[in-house]
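The values are calculated or read from the model by the stated rules, or taken from the named source; none is laboratory data. As the structure is a prediction and not an experimental result, all values here were calculated from the model. Glycine also receives a Cβ, built like all others from the backbone with ideal geometry; neighbour counts cover every protein chain displayed.
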Amino acid sequence: MLCYHAVSPRWPADLSVTPAALEAQIGLLAARGYTSARFSDAVAGHWSNRTVVITFDDNYRSVAELAKPILDRYGYVGTVFVPTDWPDRDGPMCWPGIDRWIGTSHEQEMRSLEWRELRGLQRDGWEIGSHTCSHPQLPEIADTDLERELTESRARVEEELGAPCTSLAYPYGGVDARVEEATRAARYRAACTIPTILSAPTPLRWPRAPIFQNDDLRRFRLKVSAPIRKLRATPPGTLLDHTRVATVNALRDRRRG
């Protein structure tokens, strides 16, 4: 399972990949014989050893304008997770992490797909899931706000698309036991995250490999490598992941200091 965000030939944000990079990555998977599946279908067990799930968080316009034509060429479908406060709203999306681009020449990259465009993706076989209402860090908000973010976003997707919404992507990958239980209570059947420490998947904590701007084809091959992902799930692999995360955090703290 892969997690993308935006696609742009110019936007230098970490969460944006170029069309050329996406083309090369999808072409590599197709050359290896992979077929695609929607997120909920894969979690329900409809997959094979050569299945890839391609997800897009945040609902950037570039998903329909640049990513979909590439996936179409390979007969692939995707899954879009939508922060439901933003479709049909004027102006760029804004929350911590992307707000630094407000007021720059890249501001328009953060415009959201409209509901009519999402309905078009749905008609073409894509899945549309929830990414909450406003894209908060779910573990940090109060219980009442957590319930609203989960239930109202699911209801809005169902109202606009006329179909059940059963899948969720946690904003920032943020999930803990309280958030997972609230997700279950909100009647989601599948939810995905972006873990720094790989663990066995469960329906409400399904790990995805994030793909960023600095992921050249060599790094992409490592991220989609089945042997490497199996190694990361072993005790030695988990220890290496903990060491890697601790090192990255220490370097980040040193820069801030």
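So here's what we get for this one:
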quantity: Residue in the range 78-98 that is within 18 Å of PHE220 (Cα to Cα) and hydrophobic (A, V, I, L, M, F, W, C) present; calculated: no
quantity: Selection status of THR35, crowded, with 19+ Cβ neighbours inside 10 Å, hydroxyl-bearing (Ser, Thr, Tyr) and at pLDDT 95 or above; calculated: no
quantity: Options VAL52, VAL63; residue that is crowded, with 22+ Cβ neighbours inside 10 Å and in contact with a Leu (Cβ under 8 Å, 6 or more places away or on another chain); calculated: VAL63
quantity: The range 61-115, subset of a type in the set (Val, Ile, Thr) and in contact (Cβ under 8 Å) with a residue 40 or more places away in the chain, residue farthest from ILE128 (Cα to Cα); calculated: ILE98
quantity: In the range 136-164, the residues that are crowded, with 19+ Cβ neighbours inside 10 Å and under 18 Å from THR193 (Cβ atoms); calculated: LEU138, LEU146, GLU149, LEU150, SER153, ARG154
